[in-house]
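Please read the structure below before turning to the comments.
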Amino acid sequence: LHARYVLQLLSETRRVLKEMPNITHLSTSYTKEITVCGDLHGNLDDLLLIFYKNGLPSEQNRYVFNGDFVDRGKNSMEILIILFAFLLIYPNDLHLNRGNHEDYIMNLRYGFTKEVSKKYKV
C-alpha cells in the first residue's frame with residue numbers, strides 16, 4: 001500500500017482510538033461469540049488462516065486481538081493495515097489490545113522499526 005494511504009489509515013485509526021476508552025468491557029450471550037487471538041508477531045499467514053477458519057470481522061463475527069501484532073515476522077505492516085482497516089469499519093466489533101511488542105524499544109529490538117524503514121523509506 002502506498003505510503004500516502006498508510007498515513008491516512010494511521011491518522012484515522014489514531015483519531016478513532018483516541019475516542020475509545022482505555023478499558024473496554026465485552027460480554028457474550030448465547031447468540032454471540034468472540035474470537036480471541038494473540039501473538040501474530042508479523043506472521044500474515046496466521047492472520048489469514050484465522051480469518052479463513054473463523055470468517056472476517058463483522059457485527060456478527062467479533063474479534064479481540066491481544067497484542068503482539070508486530071515484530072519477528074516479515075509482514076507486520078500488512079497485519080497492522082488489515083487490523084486497522086477492520087477497526088475503522090467495525091469499531092465496536094474488533095478490539096485491539098496493546099501487547100509488549102507494541103512498544104518503541106521492543107520494535108527496535110525485534111525488527112518492526114527496520115521493517116517500516118525498509119518498506120517506507122520516506
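The values are calculated or read from the model by the stated rules, or taken from the named source; none is laboratory data. Treat the numbers as computed from the prediction; the structure is a model and nothing was measured. Reconstructed Cβ throughout: ideal geometry from the backbone, glycine too, with neighbour counts over all protein chains shown. The protein model used for the area step is the full one, side chains on, heavy atoms only, and it has no ligands, DNA or RNA in it. Shrake-Rupley method; radii C 1.70, N 1.55, O 1.52, S 1.80 Å.
Here are some notes:
- Subset of region 103-122 (residues that are in contact with a helix residue (DSSP H, G or I) (Cβ under 9 Å, 6 or more places away or on another chain), farther than 20 Å from Leu1 by Cβ and either at pLDDT 90 or above or not hydroxyl-bearing (Ser, Thr, Tyr) (or both)): Met106, Leu108
- Every residue from region 69-84 that is open to solvent by 30 Å² or more (accessible area, probe 1.4 Å) and under 12 Å from Leu47 (Cβ atoms): Asn75, Glu78, Ile81, Ile82
- Top-ranked residue of region 12-41 - restricted to ones that are touching a Gly at 6+ places or on another chain (Cβ under 9 Å) and modelled with pLDDT of 90 or more, ranked as most open to solvent (accessible area, probe 1.4 Å): Asp39
- Search result, residues across region 18-48 that are out of contact with any Lys or Arg (no Cβ under 6 Å at 6 or more places or on another chain), touching a residue at least 12 places away in the same chain (Cβ under 8 Å) and of a type in the set (A, V, I, L, M): Met20, Leu26, Val36, Leu40, Leu44, Leu47
- Residues of region 87-119 satisfying the condition of being loosely packed, with under 12 Cβ neighbours inside 10 Å and among the hydroxyl-bearing types (Ser, Thr, Tyr): Tyr104, Ser117
- Of the residues making up region 45-62, those that are at pLDDT 95 or above and either crowded, with 18+ Cβ neighbours inside 10 Å or among the aliphatic types (A, V, I, L, M) (or both) are Leu47, Leu48, Leu49, Ile50, Leu56, Pro57.
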